[in-house]
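One structure is given here, and the rest of the page talks about it.
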Number of protein chains: 2
Amino acid sequence: MALTPTRSAAEALDSQDPLAHKRDEFFIEEGTIYLDGNSLGPAPKAVFDSIDRTMREEWAKGLIRSHNTAGWFMLTDTLGDRLAQLLGAGEGEIVVCDTTSLNIYKTLHAALSMKPGRRKIVAEGTSFPTNLYMAEGVRSTLDGATLALEGRDGDRIEDMIDADTAVVMLNHVDYRSGVIRDVKALTKLAHERGALVMVDMCHSAGVIPVDLHDLNVDFAVGCTYKYLNGGPGSPAYAYAAKRHHGKFTQPLSGWHGHAAPFKFEQSYRQGEGARALLCGTQHTLSMRALQSGLAVFDDVEITDLYSKGRALSDLFVQLVESFADDFGIGFYSPKDGTLRNGQVSLTHAEGGYAIVQALIARGVIGDFRQPNVMRFGFTPLYLRFADVWDAANHLYEVMKTEEWKEDRFNVVNTVT
Amino acid sequence: MALTPTRSAAEALDSQDPLAHKRDEFFIEEGTIYLDGNSLGPAPKAVFDSIDRTMREEWAKGLIRSHNTAGWFMLTDTLGDRLAQLLGAGEGEIVVCDTTSLNIYKTLHAALSMKPGRRKIVAEGTSFPTNLYMAEGVRSTLDGATLALEGRDGDRIEDMIDADTAVVMLNHVDYRSGVIRDVKALTKLAHERGALVMVDMCHSAGVIPVDLHDLNVDFAVGCTYKYLNGGPGSPAYAYAAKRHHGKFTQPLSGWHGHAAPFKFEQSYRQGEGARALLCGTQHTLSMRALQSGLAVFDDVEITDLYSKGRALSDLFVQLVESFADDFGIGFYSPKDGTLRNGQVSLTHAEGGYAIVQALIARGVIGDFRQPNVMRFGFTPLYLRFADVWDAANHLYEVMKTEEWKEDRFNVVNTVT
């Protein structure tokens, strides 16, 4: 069986792709089809020289002076302002710092501090686990606080937001399925009921259009190592809407969030705007790597990226549909491309993990998420339509030959 | 006036220095005398290739697989265990992660969780400010918690530890003066009174002998970008004594601290040992840079480093003493070398900041700390006795010629 549309048809789409040249800005090894940019983005080529310069010039030669002369100390703000342009936020509303987990803790606390009479956090039960763990951490430090999960303590968030709800924690895009949630409508509802909204944008920033002002959320967080290609463990970010500046507190009150960090005062005085979400000294090499990741977006429109991402993933859906039923492959993500970001997740009752491993051995890198989800991210900056065709064809071959049943693909690693 | 001992005498000490060869492992620019290794250590030469390999091989080629194949995911533990060897701790007692500020928050909470009937945190009022700010943050999240500062709420910590004291936060070495505190005796006292001890080792680790088991502290934190030469913003560490493993909780309960991070469970279950102090995804490039910093210690004994550091700083004291009174220079650090780490801090009523700037212009890099403290770190891994002599001589000339009064040295930067 030959898959339709044909590989030639996919190649034809590549030849007309106005974003095709962006692939050259990344290091992608020959023979690798990288469908895991939704977990860790590949390396922008510019990062190698940038980090080398940071080490040899800024650190080795500039030494401690580089906090000023190379702008290290303010990277939290300069990177935050750059990110704000991508995410429809304003200057001073985003800081780049720490990890997503920590920024969840800070922003949930910030929201709760603004709603002293309310004690409930409402979240999606399908959230990435650390979001729920951090919400538990917040709850543990606030007398009488509660955490209610959609799907566990209620069916729909719409029905769970009540007069005791301080903050609703949403995911702009679900990490397993790629489904886009209607954050704008939920935020409107939450506000009508007197609650605030914090949204996690790990799986939306850099791949679908995001306009934080239009969504009207109160706080937001996200990581930068996925679609923003900031590198392994690159720093996260936190957003606080300008209307709330100066009106919240959060307990991770480290010196970088102080109004005057170098006055070395004995008591904490909160810094301005989103700077009140800063805590300790940031990881400079990782911050600089992110700078290269963000620079890739300088000459592209997110709307164009989104269109291409949809077209890539729609092609994958179309190709896989032609053989899915024959091999027990199910669609975890909706087939309708308007409902998801550029991710397509599939299921397989017995073989999810092993199928992903067999594909990796063929150079097609996706990932597996418990209990049975195979995730494939279609990131428009560096993927070609021909790659999508090849990936679908490899999947077809892995299933048809039952290659995935080989023992070597059924050894579970520590980290999957 | 020529300083005594002479430069030739200093050179003679260099020629007999068994650690002299270590300097070659660092990048130190010709003409720079770096006395700020107590703020940011210089670059170990090995770091350039190490980070280049991390970027080009592990990230660019290994991609997401490197969490396993390159050991990224477990760097928190492998680096922690390496550090444990330097600090007299055991395997599984130290994790490398996040920032000092955050680790203070976690360990203070951990200590308080073990003393539910007690609500007081006792700390030194002279602590680096972020320590106090983070203690305020902890206090703000715990009903009835209080924070008492030595020098503000009591004269001596010895007299402040009472039946309500849950945890005493100490500094092994004072960041302004370099004075070593008797942590062992204070810990004994605190334990006798039923309190726990958390110690900050930012200014002791890597420069004076540290034996956490002998000190018998309960928790500890520290940064790695000073004497451990991990690079700008390199990750911090947290120690939890084995006897407390499994007996504390802390609210920054992110997925890396979970007992089974990749099972993606909906509720938090704390990981083993010090891993319960982990939170989110770590900053890989910064973690790898620290690895090069720690490797420098592979073939040296801390006791030898300490002896040389003392000799270097004693020489500086001796040289400065010969002209200090003539120019209004005071000793903020004790002159007695047995009382301090390798740091000598001086004071000057009007000129502290400007004198430091004038020295920097001459290639002698120290730093300034409010209100009038000039800090000079004498780090034994790469400093020569001749450097010490030159530094003292530059200081003498800056004072004698009143060079520090020039306008250009009196412009205060944002970050000092």
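Key figures
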read-out: 1 or more residues polar (S, T, N, Q): qualifying strands (runs of 3 or more DSSP E) within region A:133-223; value: A:146-150, A:165-171
read-out: Subset of region A:360-399 [among the hydrophobic types (A, V, I, L, M, F, W, C) and touching a His at 6+ places or on another chain (Cβ under 8 Å)]; value: A:VAL364, A:MET374
read-out: Residue match in region A:49-67 (condition: touching a residue at least 60 places away in the same chain (Cβ under 8 Å), touching a helix residue (DSSP H, G or I) at 6+ places or on another chain (Cβ under 7 Å) and part of a strand (DSSP E or B)); value: no
read-out: Residues within region B:281-315 that are over 23 Å from B:LEU346 (Cα atoms) and free of Cβ contacts under 8 Å to residues at least 40 places away in the same chain, tallied; value: 4
read-out: Residues (touching a strand residue (DSSP E or B) at 6+ places or on another chain (Cβ under 8 Å), buried (at least 21 other Cβ atoms within 10 Å of the Cβ) and assigned to a helix (DSSP H, G or I)) located in region A:373-398; value: A:ASP387, A:ALA391, A:LEU395
read-out: Residue satisfying all of: in region B:96-116; among the hydrophobic types (A, V, I, L, M, F, W, C) and within 14 Å of chain A (Cβ to nearest Cβ); surrounded by the most Cβ atoms within 10 Å (Cβ to Cβ) among these; value: B:CYS97
read-out: Given (1) at pLDDT below 95; (2) crowded, with 16+ Cβ neighbours inside 10 Å, number of the condition B:LEU170 does not satisfy; value: (1)
read-out: Output for region B:361-394, where each listed residue is under 30 Å from B:PRO209 (Cα atoms) and of a type in the set (A, V, I, L, M); value: B:VAL364, B:ILE365, B:VAL373, B:MET374, B:LEU381, B:LEU383, B:ALA386, B:VAL388, B:ALA391, B:ALA392
read-out: Filter result for B:TYR268 (modelled with pLDDT of 95 or more and either closer than 28 Å to A:LEU132 by Cβ or of a type in the set (Gly, Ala, Ser) (or both)); value: yes
read-out: Candidates A:ARG152, A:ARG119, A:ARG176, A:ARG156 - the one that is among the basic types (Lys, Arg), more than 15 Å from the chain's Cα centre (by Cα) and facing chain B (nearest Cβ under 10 Å); value: A:ARG152
read-out: Of all residues making up region A:224-246, the number that are more than 10 Å from chain B (Cβ to nearest Cβ), within 27 Å of A:ALA166 (Cβ to Cβ) and either in a loop (DSSP other than H, G, I, E, B) or more than 12 Å from the chain's Cα centre (by Cα) (or both); value: 9
read-out: Matching residues, region A:21-40, being touching an Asp or Glu at 6+ places or on another chain (Cβ under 6 Å) and not in a loop (DSSP other than H, G, I, E, B); value: A:ILE33
read-out: Test: B:ALA89 is buried (at least 23 other Cβ atoms within 10 Å of the Cβ), at pLDDT 95 or above, assigned to a loop (DSSP other than H, G, I, E, B) and touching a helix residue (DSSP H, G or I) at 6+ places or on another chain (Cβ under 6 Å); value: yes
read-out: Residues satisfying the stated conditions in region A:313-332, i.e. closer than 25 Å to A:GLU11 by Cβ, aromatic (Phe, Trp, Tyr) and part of a loop (DSSP other than H, G, I, E, B); value: A:PHE323
read-out: Complete set of residues in region A:1-26 that are touching a Phe, Trp or Tyr at 6+ places or on another chain (Cβ under 6 Å) and either outside the structural domain of A:MET399 (by TED's automatic domain parsing) or within 15 Å of A:VAL388 (Cα to Cα) (or both); value: A:ARG7, A:ALA10, A:LEU13, A:ASP14, A:ARG23
read-out: Of all residues making up region A:65-85, the number that are within 17 Å of B:GLY363 (Cβ to Cβ) and crowded, with 23+ Cβ neighbours inside 10 Å; value: 0
read-out: Qualifying residue in region A:391-406 (condition: in contact with a Gly (Cβ under 6 Å, 6 or more places away or on another chain) and either away from chain B (no Cβ under 14 Å) or among the aromatic types (Phe, Trp, Tyr) (or both)); value: yes
read-out: Residue in region A:342-372 that is surrounded by the fewest Cβ atoms within 10 Å (Cβ to Cβ), counting only those that are modelled with pLDDT under 95 and more than 14 Å from chain B (Cβ to nearest Cβ); value: A:ALA349
read-out: Any chance B:LYS335 is basic (Lys, Arg) and either over 22 Å from the mean Cα position of the chain (by Cα) or not in a helix (DSSP H, G or I) (or both); value: yes
read-out: Any hit, region B:247-258, residues being part of a loop (DSSP other than H, G, I, E, B), more than 24 Å from the chain's Cα centre (by Cα) and more than 11 Å from every other protein chain (Cβ to nearest Cβ); value: yes
read-out: Some residue of region A:241-257 being buried (at least 24 other Cβ atoms within 10 Å of the Cβ) and without any contact (Cβ under 8 Å) to a residue 24 or more places away in the chain; value: yes
read-out: Contacts under 7 angstrom Cβ, first residue in region A:12-28 being over 26 Å from B:ALA60 (Cβ atoms), partner surrounded by 15 or more Cβ atoms within 10 Å (Cβ to Cβ), 6 or more apart; value: A:LEU13/A:PHE385
read-out: Condition met for A:GLU29 (at pLDDT 95 or above, within 8 Å of chain B (Cβ to nearest Cβ) and surrounded by fewer than 18 Cβ atoms within 10 Å (Cβ to Cβ)); value: yes
read-out: Qualifying residues in region A:278-312 (those that are part of a loop (DSSP other than H, G, I, E, B) and surrounded by 22 or more Cβ atoms within 10 Å (Cβ to Cβ)) - the one farthest from the other protein chains (Cβ to nearest Cβ); value: A:LEU278
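The values are calculated or read from the model by the stated rules, or taken from the named source; none is laboratory data. Keep in mind that what you see is a predicted model, and the values were worked out from it rather than measured. Glycine gets a Cβ as well: all are built from the backbone with ideal geometry, and neighbour counts include every protein chain shown.
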